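In what follows, a single structure is set out as structure tokens and then discussed.
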Amino acid sequence: MPNWIVAERAYDLPRNIALLDTNVLIALANPRDGNHEHTVGALDLGEYNWAVPHACLIEAWNMLVGRERRTDLAYALMQWVLTPGQVILVGDAIEPVSAAHTYSQAFKIDLVDASLIDLATRISRECGMHPAVQIATYDTGDFVRFFGRADLSFNVYDMLNTSSTADTD
């Protein structure tokens with residue numbers, strides 16, 4: 001049986017990183033989305049270095065192509081993500097799906113949200129980030145429920161009012 005070797009990847013991450021949730025990517029890509037203009041403005045504020053996790057990019061692609069039937073928007077989103085200097089594309093070569101699955105079951109949240117919590121927690125702890133990594137989202141509810149738990153390390157950046165749980169640290 002052949003061996004497939006997946007090399008580790010080192011990321012040079014800035015301290016002010018924020019992971020973009022799928023709903024932010026959809027709002028950015030789709031001019032008809034009610035949050036489109038706000039998203040463009042919020043991303044241009046320069047407050048954070050934006051990062052796009054692989055799981056969110058894949059979920060956004062599937063929503064744009066599947067639900068919206070807008071392959072053109074999906075390709076435009078990919079072009080934006082892959083343009084040097086726009087965002088940092090992050091993810092493990094093989095995502096630690098088992099940890100996200102555990103969070104998803106325990107917290108009763110979807111797998112992509114669980115993977116965001118896991119990724120933000122791992123980056124925050126392994127890189128000694130304080131304040132912890134931001135998760136930028138329009139759907140703060142699932143994330144705020146778990147913010148502040150001792151076993152997790154992340155902040156929630158509310159895209160709607162451009163505020164963060166880190167502001168309360």
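Coordinate-derived values only; no laboratory data. Keep in mind that this is a model prediction, so the values were computed, not measured. Cβ atoms come from the backbone with ideal geometry, glycine included; neighbour counts cover every protein chain shown.
How much of the DSSP bridge set in the chain is antiparallel, in percent, rounded to the nearest 5?
Taking every DSSP beta bridge within the chain, about 15 percent pair in antiparallel fashion.
Collect residues whose amide H, placed 1.01 Å from N in the peptide plane, falls under 5 Å from the amide H of Val90; neighbours closer than 5 in sequence don't count.
Amide H neighbours of Val90: Val52, His54.
Using amide H atoms built in the peptide plane, which far-off residues or other-chain residues are under 5 Å from Asn155 H to H?
Close amide H contacts, sequence-distant or interchain: Val133, Gln134, Ile135.
Would you work out the relative contact order for segment 17-158, in percent, from Cα pairs under 8 angstrom that are 6 or more residues apart?
Rounded, it is 25 percent for segment 17-158.
Show the residues, 5+ positions off or on another chain, whose built amide H is closer than 5 Å to the amide H of Arg70.
Hits under the 5 Å cutoff: Val65.
Between Glu47 and Val65, 0.36 nm times their residue separation minus their Cα-Cα distance comes to what?
Working: separation 18, 0.36 × 18 = 6.48 nm, distance 3.03 nm.
Result: 3.4 nm gained on full extension.
First measure r as the distance between the Cβ atoms of Lys108 and Asp72, then evaluate 1/(1 + (r/R0)^6) with R0 = 25 Å and state the FRET efficiency to the nearest 0.05.
On the way: r = 35 Å, r/R0 = 1.40.
Given R0 = 25 Å and the Cβ-Cβ separation, E is 0.10.
Which three extents, in whole angstrom, do the alpha-carbon atoms of segment 17-158 cover along their principal axes, largest first?
41, 31, 29
What is the distance, in nm, between label points placed 7 Å from the Cα along the Cα-to-Cβ direction at Gln86 and at Arg125?
For Gln86 paired with Arg125, the spin-label model returns 3.3 nm.
For the chain, what does -39500 (n - 2.57) per DSSP helix run (n ≥ 4), summed and divided by total residues, give at 222 nm, in deg cm²/dmol to the nearest 500?
The helix contribution divided over the chain gives -11500 deg cm²/dmol.
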